[in-house]
Amino acid sequence: MVNAWIVASLAAVVGGAVGFFVVMRGASFVAHAIPNGSFAGAAGATLVGASTIAGLGIFSVGGALGIGLLGRRGRRDVATALTLVFMLGLGALFLSLSAESSEAAYSLLFGEVLGISANEIVPTLALAVASLIVLGLLWRPLLLDSVLPERSSGRRLLAVDLAFLLLVAMTTTMTVPVVGTTLIFTLMIAPAAAARALTARPGVALALSSAVALVTVWGAIALSYTTNWPVGFFVGALGACAYAASHAAARSGDGGPGRTAGRG
Amino acid sequence: MSDEPQSTLTHAVPERAEPQVAGETVLELAGVTVELGARRILDDVGFRLKAGELTGLIGSNGAGKTTLLRVILGLLEPTRGTVTVNGADVGRSVGYVPQKFMLDPDLPVRARDLVALGIDGQRLGVARPSRERRERVARMLGAVGAADFADARVGRLSGGEQQRVLIAHALISHPSLLLLDEPLANLDLHSARAVVELLARIAREQRIAVMISAHEMNALLPVMDRVVYLADGRAACGRAEDVVRADVLSRLYGHRVEVIRAAGRVLVVAGEGDDAEPTHPHHLDAEEH
Amino acid sequence: MQALLHAIVEPGFFADGAVQTAAALGGVVAVVAGLIGVFTVIRSQAFAGHALSDIGSAGGSSAYLIGLAPLWGFVGISVLAAAAMERIGVQRARGRDVATGVVLGVGFALASLFLYLGMTYHNASGEIPTILFGSVFTLSASDLPLVMGLGAVALLVVLTLYRPLLLASVSPELAAARGVRVRLVGGAYLLALAITVALCDLTIGAILSTALLVGPAAAALRLTGRPHRAALLAAGISLACTWLGLLLAWDSFYWPPLRHGWPVSFFIVTLVLIAYLAAGALARGQTKRG
Ligand SMILES: Nc1ncnc2c1ncn2[C@@H]1O[C@H](COP(=O)(O)OP(=O)(O)OP(=O)(O)O)[C@@H](O)[C@H]1O
Ligand SMILES: [Mg+2]
């Protein structure tokens, strides 16, 4: 239980922080596609007998590069969709060649927070610290390119974009075995969207996003522990509540969420 | 003069004898007030546009030009006041060229297709292709000088080229009123003159009331029959030589401004009078060169 | 000649009843997805289309929990999700992405709950691959009329709204100035998209649903600048990828590991990706020469 608490908190802090840029850059689809597609990596890993983490890592990085490079010429959402379905197609192939059990698939999709063991803490912590350091180093270029993509030269834009995608991939690798592909997606979107509606200052929004994610996860684990229902359900439900509440607050607070969010 | 109540400002300039080309009233605004949030963007604006006339809608950034055009189009409900198009309260015979149009470069829509959508883009179903329709589109493209790039994707044309295509799109349905929001902002001096002359010719020949918004009036001076000058949400309207005068504009801005005419150009600058207030210098910057 | 044909098409392909059904059903939905997909791509709603498919398959596979036929689970949930997206603001370019993401997150949350309940009370763990990948060709020939009917409804909506929808996709502002009710048109399109996606999920699976919706349309947009042509080309590419994928899947029974076919979805997805890349190369070649 304590292990689950620690690891899920790390996932929430990093997910909330990276999620701030996911929402700023309008990259929700990417945040869904990389974790979801990396499922194929886990399936492939079981097929060849490698470690799940390695499979997840390779596929999430591959997905990030695929989206970045395919999206360079053409539409981003098309590139994301095609990369995702190609990875899922590979996943279907791996699954058909091996005999992956449904329970394993379920835990990859929706996580098994409560079954986390102590030896998963150190690698998760290492990846979390690494993600936050990268985020800190890229803070200004990421912010600038999210607001004014026209300002940068093509080369630099691509480099920053790839760095961002790899950041999402890193977060995915770290959190998917723990909380599942769907949960990490929700953690990256809802808290950041809620934070953006409440404040126009980027630093505050990032901190708020991490905080909302943390509260969501803690609440979800506690509720899941008492009801025995899946954690993913509570994360999704609480995230949606946070989003709805913040937008209602922003609407009643000042001239509508559009203006606040637009400056965010 | 300055002790007159402000609400009469919009009608303060006496209407002169109508120019002989002017026809029936196409658009009439009366007492239009728009409040967005706590801010009053437009304050008791009223004027008329007549068929065959070209009117300039002049005002600096944020003066409310786009807001006023959106009210005329029915995209924005005024807080108070009435908009009457063509005598009827609602009339759809209005052509519009928006200020910001971000057309996607990948759109599978040629300049030709967009102009054809100007004929009946709001109707249900797929248009039946006909030779007459094709020729009508081709004539329109030729009239605005867009024939050379008629088969290119609209999203890949330059800003000025897109402008011409959008003018054709707006004109092909024979509107009685054509509204253009900052059509000259993207154009070099030469193209701006060509577009202005084209629009003036269209207004005269097709008996359309044309309204062009701009933050800078000099490009419009040679062809403008009438001007609606916006500042602080209020409007002064009439013929250019009656509105662009130190006394009228000073009253509109609420502090002294000077109007300097030199070499056929007009300059509106903050005046040095005793009641000159430095509180609105940005309104005047736009007019300086 | 005969030998060459046999090398490409393993014997029995055209005679097999299951293949005929799959080719007919797959063909119908491939064409519908290709046609509808052109608007999905130009309206930048690929994410919405994919999210509807994910949510729809989650709903479809949990429909049995309340004793509903899967088809109505798929269609009902997709339409509900589309309405929620419209409500939150999928029409605005700025908030679209987040609106889709939030609805998808809620959909996943509910899916995880239903699956959990299903596994606990109905021992239905076999449904999980269905959620991820959809059910590839589990429909029978008797479903063909229903599939065609729903496909026709989606096409009819888009054909009826063709001009206002195209204008609103070019520029909502221009459309609104002409009196088009932009939000209504966008909502109706989202409805057609939801029906299409549900249909695809049910017949060819969730992966292929997104692939056929987005890939052929995006490829077609690279090749032509005319709206009608783009739609027809997308339908053609979609159909070609589907049938060729079916053929390869049939052939793969004779590939290693023997007597164990490779999944159809893998082939179709790969073909769609190749078509997209080839269209890009072709378009670049044209502009260089032209
Ligand atoms: N939806 C809105 N809510 C609140 N205020 C608004 C809204 N839209 C516009 N405004 C404000 O109304 C004022 C007038 O805006 P408008 O776009 O009409 O100006 P404009 O004269 O067209 O300026 P520009 O020359 O820059 O295009 C601006 O100060 C703007 O901030
Ligand atoms: Mg404006």
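The values are calculated or read from the model by the stated rules, or taken from the named source; none is laboratory data. Just so you know, these numbers come straight off a predicted model, no measurement behind them. Here Cβ is always computed from backbone atoms with ideal geometry, including for glycine, and neighbour counts include all displayed protein chains.
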Looking at the stretch B:77-84, is at least one residue farther than 21 Å from B:Asn186 by Cβ, within 16 Å of ligand 1 (Cβ to nearest atom), within 14 Å of chain C (Cβ to nearest Cβ) and loosely packed, with under 14 Cβ neighbours inside 10 Å?
yes
Inspect all residues belonging to the stretch B:83-98 and state whether any of them is within 16 Å of ligand 2 (Cβ to nearest atom) and part of a loop (DSSP other than H, G, I, E, B).
yes
Just the residues that are more than 27 Å from C:Ala220 (Cα to Cα), away from ligand 2 (no atom under 16 Å from the Cβ) and within 14 Å of chain C (Cβ to nearest Cβ), please, taken from the stretch B:132-184.
B:Ile167, B:Ala168, B:Ala170, B:Leu171, B:Ile172, B:Ser173, B:His174, B:Pro175, B:Leu177, B:Leu178
If you check B:Gly56 against the conditions, is it at pLDDT below 90, within 13 Å of B:Ile212 (Cα to Cα) and either within 13 Å of ligand 2 (Cβ to nearest atom) or not in a loop (DSSP other than H, G, I, E, B) (or both)?
no
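This table checks each residue for (1) within 29 Å of A:Val178 (Cβ to Cβ); (2) in contact with a Phe, Trp or Tyr (Cβ under 9 Å, 6 or more places away or on another chain); (3) modelled with pLDDT of 90 or more; (4) within 16 Å of ligand 1 (Cβ to nearest atom).
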{"position": "A:Ala197", "(1), (2), (3), (4)": "yes, yes, no, no"}
{"position": "A:Val215", "(1), (2), (3), (4)": "yes, no, yes, no"}
{"position": "A:Phe233", "(1), (2), (3), (4)": "yes, yes, no, no"}
{"position": "A:Leu238", "(1), (2), (3), (4)": "yes, no, yes, no"}
{"position": "A:Cys241", "(1), (2), (3), (4)": "yes, no, yes, no"}
{"position": "A:Ala250", "(1), (2), (3), (4)": "no, no, no, yes"}
{"position": "A:Gly256", "(1), (2), (3), (4)": "no, no, no, yes"}
{"position": "A:Thr260", "(1), (2), (3), (4)": "no, no, no, yes"}
Let me spell it out: the conditions are (1) away from ligand 1 (no atom under 16 Å from the Cβ); (2) buried (at least 19 other Cβ atoms within 10 Å of the Cβ), and B:Pro222 meets all of them except one. Which number is the exception?
(2)
Is there a residue being surrounded by fewer than 23 Cβ atoms within 10 Å (Cβ to Cβ), in a loop (DSSP other than H, G, I, E, B) and either within 10 Å of chain A (Cβ to nearest Cβ) or in contact with a His (Cβ under 8 Å, 6 or more places away or on another chain) (or both) anywhere in the stretch C:234-255?
no
So in the stretch B:98-130, with the set limited to residues that are β-branched (Val, Ile, Thr) and over 28 Å from A:Asp77 (Cβ atoms), which one is farthest from the other protein chains (Cβ to nearest Cβ)?
B:Val115
Subset of the stretch A:31-49, residues out of contact with any Phe, Trp or Tyr (no Cβ under 7 Å at 6 or more places or on another chain) and closer than 12 Å to A:Ile184 by Cα, comes to A:Ala33, A:Ile34, A:Asn36
Lone qualifier among C:Pro164, C:Pro216 - being crowded, with 23+ Cβ neighbours inside 10 Å and free of Cβ contacts under 8 Å to residues at least 60 places away in the same chain:
C:Pro164
Under 7 Å between Cβ atoms, at least 6 apart or on separate chains: pull out the pairs that start in the stretch B:173-190 with a residue that is part of a loop (DSSP other than H, G, I, E, B) and end on any residue that is surrounded by fewer than 16 Cβ atoms within 10 Å (Cβ to Cβ).
B:Pro175/B:Ser93; B:Ser176/B:Ser93; B:Asp181/B:Gln99; B:Glu182/B:Gln99; B:Asn186/B:Gly159
From the residues in the stretch B:233-251 that are assigned to a loop (DSSP other than H, G, I, E, B) and more than 16 Å from ligand 2 (Cβ to nearest atom), which one is farthest from the other protein chains (Cβ to nearest Cβ)?
B:Arg245
Can you name the residue in the stretch B:243-270 that is among the β-branched types (Val, Ile, Thr) and farther than 22 Å from B:Gly233 by Cβ and is also surrounded by the most Cβ atoms within 10 Å (Cβ to Cβ) among such residues?
B:Val266
State whether the residues of the stretch B:41-51 include one that is near ligand 1 (Cβ under 10 Å from one of its atoms), surrounded by 19 or more Cβ atoms within 10 Å (Cβ to Cβ) and more than 19 Å from B:Met224 (Cα to Cα).
yes
Per the list (1) in a helix (DSSP H, G or I); (2) without any contact (Cβ under 8 Å) to a residue 40 or more places away in the chain, residue check on C:Gly225 breaks on (1)
Would you confirm whether any residue within the stretch A:180-193 is more than 18 Å from C:Gly107 (Cα to Cα), out of contact with any strand residue (DSSP E or B) (no Cβ under 8 Å at 6 or more places or on another chain) and at the interface with chain C (Cβ under 10 Å from one of its Cβ atoms)?
yes
